[in-house]
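One structure below.
The values are calculated or read from the model by the stated rules, or taken from the named source; none is laboratory data. This structure is a prediction, so every number in the text was calculated from the model and none was measured. Note that each Cβ is placed from the backbone with ideal geometry, even for glycine, and that neighbours are counted across all protein chains shown.
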Amino acid sequence: MALKVVIGLEMHCELKTISKVFTKSKNDFSEVPNSNVTPGDMAFPGILPVLNKTAVKNAIKMALCLNCEITEELIFDRKNYYYPDLPKGYQITQNTKPIGTNGVIEVEVNNELIKVQIHDIHLEEDTASLDHFFDYSLIDYNRSGVPLLEVVTEPCIDSPDVAVAFLEHMRNIYKYTGVSDADTKKGQIRCDVNVSLMEESDKEFGTKVEVKNVNSFSSVHAAILYEIDRQTKLIEAGKKDEIIQETRRWDEETLSTVRMREKVESVDYRYYIDPNIPKFKIDPLWIKEIKDEIPALPLERKNLYISKYDLSSYDASVIIKTKENSDYFEECLSLKIDPKEASNWITSQIMGYLNKYELEINEFYLTPKRLSVILDYLNKGKISSKQAKDLFFKVLEEEKEPEILIKKYGMEQLDNTEELEKIIKTILNNNENQVKEYKEGKTNMFDYFVGQVMKETKGKANPIKVKEILLKELS
Amino acid sequence: MLEELNNKLKNKETTSEILMQESLEKIKEYTKHNIFVTINNDYQIKEDLNTVISKIPYAISDNFSTKEILSTASSNALKDYIPFFDATVIKKLKDNGAVNIGKTTLDEFGIDAMGINAVTGPVINPAAKNRITGGSASGAAAAVSANIAYFAIASDSTGGIRKPASYTGVIGYKPTYGLISRYGLFPFASSFDTPGVITKTVKDAAIITDLIKGQDENDMTTWDSTKINLTKDIDNEINNKRLFYIKEICDINNYINPRIETKETLNSFLNTIEKIKELGVEIEEISLDKDLLNLVYPISLIITSAEATSNMSNLTGLIFGPRAEGKTIEELMINYRTKSFSSLIKERFIIGSYVLNKDNIDDYLLNAGRVRALIVNKLNSLFKKYDGMILPSTLEYAPKINEELPEYLKTEQHLALANFGGFPSISIPSDEINYLPIGINITGKIKDDANILNIANKIEKRLKKRISKEVK
């Protein structure tokens, strides 16, 4: 029995704005609870929402990245339900007319481009966060009212790999556009996963199970696999009826999904249009302006790196993995570093170092400017490639400019002709037998002399110059 | 009136302190009328400020947020709530030096009723001790009528300012929606709620509104009104103006078994019309679909209940209000809400939840919205031809306390027509029947407040000659 997997995703992402989406409070991650709060975030009587234009702009920007149709008219709805993390008793969201609908985006999975259809993308406000203890709970309103974008895909994803590739790609777009930091560690991304199974011959989708609040991509992967396994087993055991429409949650400890509530009596959110926010016509010119601000996105950059700079597909993929890496690479190019050389350094030395010390490239001391200084010494033959690598690590260790460290460690090559001639002459005088052997035809003795010079100069002698002088002296 | 008072203050014929003491004395005199929730004994007078309203005592309906002053909305839900911010209107009045003497009683959370649904008891009409004031802004109207306050700030959702103004013989003005900020007004029905003023003269209403209107960065539904000046042209002649009244509301034959009070009131209205015509104003009777008019009450009930249900979901006792006991958070919220609200409000919540339910929303709320739009369009097309609509503010003068009213009076809601479309609307005293005041109501098109106040001002002056006795 061949079962087809049908996955739909809802991805929530907190937007990076100065203030919250409907109040003037700071939208900033803070460790101090209830420090970014104004009356609106706690729904004191008489407060009214004031829509943040930047949040709308960023939402439109993302909708454009997802090739959505943009709504002509901006409308916000209230989603009514009681919960202590929702001070107003309703969440302002977009139900009637989401900011973007009918989108599509291509995602690369194992070197193959797969289209993911987007049902809609809408702007809403985040809830407060709750901390539960044994016999009490604490509420932190810092998150209350933080702008949140929800992207809802069509049920068009057929594997956990595609699901995760989509989420990673989305996170990348958020970062590339600067719309969000999309930091899962700060809880800025949260996902709901819908999984159902159907037989190849079925015309209708199977019963959908929703797994809520899956907060890391690896958990998304695991939760989908778990649901596929659980549902497959039920179907194979002839217990298809036991798959019911329900909401489950992902339990990080047991690595399984656990029932939260059945959807039989599904919650009625009593949506209706918020009368406090006037309807607003979106000017097509504004949409055009926003479109022009969108930077080159990852796949576009990758194609450029391969076709224009002749990078391998693998290297290009590594570089575009994050906007920061890609920006680093592009800054190298603007400093006239050879693209291939830049790519090699980034994908090997730099990535290696960053991974080892769990650093991000934007907190990396060795900026493209410093890298260009090192490479300049190398390419002018002033230091050897081994020295370049040493210098790379010294710069990172000591956090000092490469120019200073070259002097400090006497790395600069000895290429003063007179000095080298003097050293070489002494060496030749002390090795009369070897000179004789060389002149009798034992030409491999030449490398022996080079070695001696290097030994004498502690590797600092410019090898090209050494060879030139040796040839001259031995002739 | 405010201008004369301002002159007296300037000429040192009186002082703010004297005015305040007089007001506080009057409050004592009317204690049994339940007009005030909170008396502001800690009032502050800014002596160095000189605006037309500076140093003048005024009252605030208790559904406005007042910094450091108890703001209960006449509900148990907020019986201990002391806000830490001022509503925009209150801030503007403060900045202009007006002195708040206290917070007045209203029908719980401004849900328009008869002025009998406050947790502190019914407000008694200063004009007659056995009669109600009407609501929702019962205390605000009574405070002005009883000469306690020179003006009052209140809210009007389906007639909440204009009805008690009519019952107590004062001016009640509900401006165009969005002319005055709602920031800090405790919401009842957001698309209906409009802050407004209760005064002794139309000109005073214009003067105060000119000071408190304006676009507010805290309220997206406000709009730029810098070009509007309500006071400037208020004395212009109105001999070329055109008004209409609706036959189906004003003709006694439209009511089954009408009461004598209704007959008297409608008769008086038609007499008033004749007086106004003497000013050169053209007044025509027009006919509207009776079925449509009969829908005004249910539509208003459906939409306001839906909005109220959602608006008041913040009242859980978790952050403010007297927190209830409970083993779980749900229990705590349920206990608080059960204890806090009157049965009238609970009834509204039930209606609201029902019409918002996803299986009912189209039949009820969305259909109500469609009919609302139909009515508004009809009125807008009339406003192309006429400067405004004139109607009796209420079908009768103030009823007695505990008087059983017939259905047609219980569901009387033509004042809400103005709230349907956000139209400017004013009630001015027009007559007295058995020494009890009644008023007429003039409503105009959106943002045409200056024109409506101009017409109201001239009519007020014409009618004042007729009203012999001052309402005491």
Next on the checklist: Given the options A:T184, A:T101, A:T127, name the one that is free of Cβ contacts under 8 Å to residues at least 60 places away in the same chain, surrounded by fewer than 21 Cβ atoms within 10 Å (Cβ to Cβ) and under 16 Å from the mean Cα position of the chain (by Cα).
Outcome noted: A:T184
Checklist outcome for this item: So, first residue under 20 Å from B:V144 (Cβ atoms) in the stretch B:446-472, second residue crowded, with 16+ Cβ neighbours inside 10 Å and at pLDDT below 55, Cβ within less than 8 Å, six or more apart or across chains; the pairs are none
Checklist entry - B:T72: away from chain A (no Cβ under 14 Å), closer than 28 Å to B:K213 by Cβ and polar (S, T, N, Q), yes or no? => result no
Item to check | Test for B:Y336: is it hydroxyl-bearing (S, T, Y), within 14 Å of chain A (Cβ to nearest Cβ) and touching a residue at least 60 places away in the same chain (Cβ under 8 Å) | outcome: yes
Checklist outcome for this item: Note on the stretch B:117-145: residues of a type in the set (A, V, I, L, M) and either free of Cβ contacts under 8 Å to residues at least 40 places away in the same chain or touching a Ser or Thr at 6+ places or on another chain (Cβ under 8 Å) (or both) are B:A118, B:V119, B:V123, B:I124, B:A127, B:I132, B:A137, B:A140, B:A141, B:A142, B:A143, B:V144
Checklist outcome for this item: Taking the stretch A:383-401 and keeping only residues that are in contact (Cβ under 8 Å) with a residue 40 or more places away in the chain and not in a helix (DSSP H, G or I), one is left with A:S384
Checklist entry - Does the stretch A:4-20 contain any residue that is part of a helix (DSSP H, G or I) and within 14 Å of chain B (Cβ to nearest Cβ)? => result no
Item to check | Residue among B:I375, B:I350 that is assigned to a helix (DSSP H, G or I), more than 11 Å from chain A (Cβ to nearest Cβ), loosely packed, with under 15 Cβ neighbours inside 10 Å and among the aliphatic types (A, V, I, L, M) | outcome: B:I350
Next on the checklist: Among the residues of the stretch A:285-293, are any outside any strand (DSSP E or B), more than 14 Å from chain B (Cβ to nearest Cβ) and touching a strand residue (DSSP E or B) at 6+ places or on another chain (Cβ under 6 Å)?
Outcome noted: yes
Checklist outcome for this item: Condition set within 14 Å of chain A (Cβ to nearest Cβ) and either in contact with a His (Cβ under 8 Å, 6 or more places away or on another chain) or not in a strand (DSSP E or B) (or both), scope the stretch B:206-264, selection surrounded by the fewest Cβ atoms within 10 Å (Cβ to Cβ): answer is B:D224
Checklist entry - Which residues, counting only those in the stretch A:54-95, are more than 14 Å from chain B (Cβ to nearest Cβ) and part of a loop (DSSP other than H, G, I, E, B)? => result A:L66, A:N67, A:C68, A:T71, A:E72, A:Q94
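Okay, residues lined up against (1) among the aliphatic types (A, V, I, L, M); (2) in the same structural domain as A:C13 (by TED's automatic domain parsing); (3) within 24 Å of A:Q188 (Cβ to Cβ); (4) in contact with a Ser or Thr (Cβ under 6 Å, 6 or more places away or on another chain):
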position: A:I92; (1), (2), (3), (4): yes, yes, yes, no
position: A:N95; (1), (2), (3), (4): no, yes, yes, no
position: A:E112; (1), (2), (3), (4): no, yes, no, no
position: A:D135; (1), (2), (3), (4): no, yes, no, no
position: A:D140; (1), (2), (3), (4): no, yes, yes, yes
position: A:V151; (1), (2), (3), (4): yes, yes, yes, no
position: A:M170; (1), (2), (3), (4): yes, yes, yes, no
Checklist entry - Is the stretch A:156-165 home to any residue that is touching an Asp or Glu at 6+ places or on another chain (Cβ under 9 Å) and either within 14 Å of chain B (Cβ to nearest Cβ) or among the basic types (K, R) (or both)? => result no
Checklist outcome for this item: So the helices (runs of 4 or more DSSP H) completely within the stretch A:418-475 holding 1 or more residues that are among the hydrophobic types (A, V, I, L, M, F, W, C) and under 23 Å from A:K407 (Cα atoms) are A:445-456, A:463-474
Item to check | Any chance B:K358 is in a helix (DSSP H, G or I) and among the charged types (D, E, K, R) | outcome: no
Checklist outcome for this item: Within the stretch A:217-256, the count of residues that are part of a helix (DSSP H, G or I) and not hydrophobic (A, V, I, L, M, F, W, C) comes to 14
Checklist entry - Mind checking which residues of the stretch B:303-354 are hydrophobic (A, V, I, L, M, F, W, C) and more than 26 Å from the chain's Cα centre (by Cα)? => result B:L318, B:I319, B:F320, B:A324, B:I329, B:L332, B:M333, B:I334
Next on the checklist: Show me the helices (runs of 4 or more DSSP H) found entirely inside the stretch A:294-360 where at least 2 residues are exposed (fewer than 14 other Cβ atoms within 10 Å of the Cβ).
Outcome noted: A:298-309, A:313-320, A:351-357
